[in-house]
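Please find one structure pasted underneath; my questions will follow.
The values are calculated or read from the model by the stated rules, or taken from the named source; none is laboratory data. The shown structure was predicted, so the numbers you read here are calculated from the model rather than taken from an experiment. Cβ placement follows ideal geometry from the backbone for every residue including glycine, while neighbour counts extend to all protein chains displayed.
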């Protein structure tokens, strides 16, 4: 059953870039920018630049690895095949947990903007409804999903540009003073928080088996999505901290909508709020897509039960893994706290990316991938160093949870390994 049906390659370069932008541009710029401004001040602009440069080091590692191993699962698959099955399992485990928690945070951000427009609905229930809706959209197929994602991405990019055009006339230079109220430590902490806003560039690689010409398309789309989002982040953050004092911005659950309030244009407030809804909706949509493919890949590699990698005969989607992604995400959405969850999700995903950078160093370069890391091996080494440095600035409260999550992953790996060995022995006896 698991191998009877296959996913189809029907995603173009535009679709792949759209997937990247769909995950990257969302709660990070529409919500988390306010949180980052609270610690970095107006210097959050430079925090965004630092976070973008740090992300670039790892994006280069992903670009080479996905051109060498264009298979579903992305980071998990690279570490599994290049480093070891154990570390591959741990990479997948951290990505799944981190992305599900991130998805819950994104759904709540979406709900905050929905509640901003429709105040009669509880935010948590709106978040749960959003998770279930995009689980259903993912179930019906990549072709239908890509149409939804492409439309939403185009709309949110246009609305971000509109936000900049409407906000620039109201920028006050006094709002940029002091530039770094909390000094260098605030600047770096802001960069650590804004890492959450960039993490989606790697999600393009999780759908490798649904992309046309993956060896060429995947590296280009990974780097393009990161570059486009960084450019938009700089424009939007400069406008936001220029229009509103960073202290006010940091206390807002819908900071960009509050910026538009300053213009006195009620229509602009509605338009930006709709942009936030489009943005967070596409992130949620793409997180469910990418996490389900990691679960699918782990099942195909016999690291979790085999029934999970079943492909639906009509929709050609890994429907079991999609349900195992969307339903837990909806449950988490009932209990999340935004700043804590952002730190937790970022920490888990950073740990997995450390292993991806190591895989980029360890890969046998005689495979001659279509994309090669320039100045190899400096970028992946810098990726390891900078990611490790930024993780220190995330909330210390998440460390115990991360340790427990890692221990759970280790236990699950050895339980599954023991069960697999038992099954193999029983088959030999027969």
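Among the residues of region 355-404, write down those that are out of contact with any helix residue (DSSP H, G or I) (no Cβ under 6 Å at 6 or more places or on another chain), assigned to a helix (DSSP H, G or I) and farther than 29 Å from residue 190 by Cβ.
Correct list: 365, 366.
Taking residue 147 as the residue in question, decide whether it is within 30 Å of residue 286 (Cα to Cα), in a helix (DSSP H, G or I), without any contact (Cβ under 8 Å) to a residue 40 or more places away in the chain and under 24 Å from the mean Cα position of the chain (by Cα).
Yes; evaluated as a whole, the condition is true for this residue.
While we're on this one: Tell me, which residue of region 205-232 that is within 16 Å of the chain's Cα centre (by Cα) and surrounded by fewer than 24 Cβ atoms within 10 Å (Cβ to Cβ) is nearest to residue 42 (Cα to Cα)?
230
I'm trying to understand the selection: among the residues of region 412-422, which are closer than 23 Å to residue 96 by Cβ and either more than 26 Å from the chain's Cα centre (by Cα) or not in a helix (DSSP H, G or I) (or both)?
Passing the criteria: 414, 415, 416, 417, 418, 419, 420.
Working only within region 171-189, note down all residues that are more than 32 Å from the chain's Cα centre (by Cα) and outside any loop (DSSP other than H, G, I, E, B).
Of everything in region 171-189, those that are more than 32 Å from the chain's Cα centre (by Cα) and outside any loop (DSSP other than H, G, I, E, B) turn out to be 173, 174.
Within region 254-354, considering only helices (runs of 4 or more DSSP H) that don't extend past its boundaries, which have at least 3 residues that are touching a strand residue (DSSP E or B) at 6+ places or on another chain (Cβ under 8 Å) and within 26 Å of residue 393 (Cα to Cα)?
none
Further question: For region 366-383: of the residues being surrounded by 14 or more Cβ atoms within 10 Å (Cβ to Cβ) and modelled with pLDDT under 85, which is farthest from residue 220 (Cα to Cα)?
369
Something else about it: Among the residues of region 385-393, is there at least one that is modelled with pLDDT of 85 or more, surrounded by 15 or more Cβ atoms within 10 Å (Cβ to Cβ) and more than 24 Å from residue 109 (Cα to Cα)?
Yes, region 385-393 has at least one match.
Got a number for residues in region 168-204 being within 25 Å of residue 347 (Cα to Cα), out of contact with any strand residue (DSSP E or B) (no Cβ under 9 Å at 6 or more places or on another chain) and surrounded by 17 or more Cβ atoms within 10 Å (Cβ to Cβ)?
Residues that pass the stated criteria total 19.
If you don't mind, there's one more thing I want to ask. For the structure I just gave you, tell me whether residue 60 is in contact (Cβ under 8 Å) with a residue 12 or more places away in the chain, assigned to a helix (DSSP H, G or I), closer than 14 Å to residue 371 by Cβ and over 13 Å from the mean Cα position of the chain (by Cα).
Yes; evaluated as a whole, the condition is true for this residue.
Checking residue 258 against (1) crowded, with 18+ Cβ neighbours inside 10 Å; (2) under 30 Å from residue 171 (Cα atoms); (3) within 23 Å of the chain's Cα centre (by Cα), which single condition isn't satisfied?
Of everything listed in (1) crowded, with 18+ Cβ neighbours inside 10 Å; (2) under 30 Å from residue 171 (Cα atoms); (3) within 23 Å of the chain's Cα centre (by Cα), residue 258 misses just condition (3).
I'm told residue 82 meets every condition in (1) more than 18 Å from the chain's Cα centre (by Cα); (2) surrounded by fewer than 24 Cβ atoms within 10 Å (Cβ to Cβ); (3) more than 22 Å from residue 368 (Cβ to Cβ); (4) touching a residue at least 40 places away in the same chain (Cβ under 8 Å) except one. Can you identify the failing condition by its number?
(3)
Sticking with this one: Within region 33-54, does at least one residue satisfy the condition of being over 18 Å from the mean Cα position of the chain (by Cα), more than 26 Å from residue 156 (Cβ to Cβ) and surrounded by 24 or more Cβ atoms within 10 Å (Cβ to Cβ)?
Within region 33-54, one or more residues are over 18 Å from the mean Cα position of the chain (by Cα), more than 26 Å from residue 156 (Cβ to Cβ) and surrounded by 24 or more Cβ atoms within 10 Å (Cβ to Cβ).
Could you say which residue among 323, 394 is under 18 Å from the mean Cα position of the chain (by Cα) and within 30 Å of residue 134 (Cα to Cα)?
After applying the criteria, what remains is 394.
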